[in-house]
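These notes concern the structure reproduced below.
The values are calculated or read from the model by the stated rules, or taken from the named source; none is laboratory data. Being a predicted model, the structure only gives us computed values, none of them experimental. Methodologically, a virtual Cβ is constructed for each residue, glycine included, from the backbone with ideal geometry; neighbour enumeration extends over all protein chains shown.
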Amino acid sequence: NKRTKGVTVIRPIVYGNIATLLPQKKIPDSDHTHKWTVSVKGLNNEDISSFVKKVTFKLHETYANPQRVVEHPPFELTETGWGEFELTIKLQFVPESGEKPVMLYHNLRLHPYEEDGSISTANKNKPVFTDPTEYLYQIFLQN
Ligand code: SLL
């Protein structure tokens, strides 16, 4: 695969999470407070699988099998948990691309209530919606 000398392509990749507070005692003998889903998408839901081969989510080491590989769209992962930790998201591209993996970082914050409302550095310039209206929540579930 010949290289196109002098060409630079910059592609936006959209990633983020939805977290919902679990009803108390949903998971017996567990301190998990939230169900969460992290997702990786193209802009405007563009199909990124033409150039993204797989996405590996690395979770906090307290999770069983913390490396979770997703090889087909939707590139997302749902789990339950608590507290706050950084997810590393490794994008691997189709072999024909000859490209090295790209790492993305997303901070998951699972707090029963936002004590300070502060946004960790990994999430700078990502809007945070706390207790969104039903209307807005449905929109996020669909997109
Ligand atoms: C904190 N530094 O104290 C963090 C630790 C732990 C995250 C967060 C449960 C994993 C499991 C889980 O969410 N661990 O039990 O499967 O905030």
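Overview of values
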read-out: Contacts under 8 angstrom Cβ, first residue in region 59-77 being part of a loop (DSSP other than H, G, I, E, B), partner hydroxyl-bearing (Ser, Thr, Tyr), 6 or more apart; value: His72/Ser49; Pro73/Ser49; Pro74/Ser39
read-out: Among (1) surrounded by fewer than 16 Cβ atoms within 10 Å (Cβ to Cβ); (2) away from the ligand (no atom under 16 Å from the Cβ) - the single one Glu76 does not satisfy; value: (1)
read-out: Residue in region 83-98 that is farthest from Gln67 (Cα to Cα), counting only those that are surrounded by 14 or more Cβ atoms within 10 Å (Cβ to Cβ) and without any contact (Cβ under 8 Å) to a residue 40 or more places away in the chain; value: Gly83
read-out: Any hit, region 45-59, residues being among the charged types (D, E, K, R) and within 16 Å of the ligand (Cβ to nearest atom); value: yes
read-out: Filter result (at pLDDT below 85 and not in a loop (DSSP other than H, G, I, E, B)) within region 96-139; value: Thr121, Ala122, Asn123
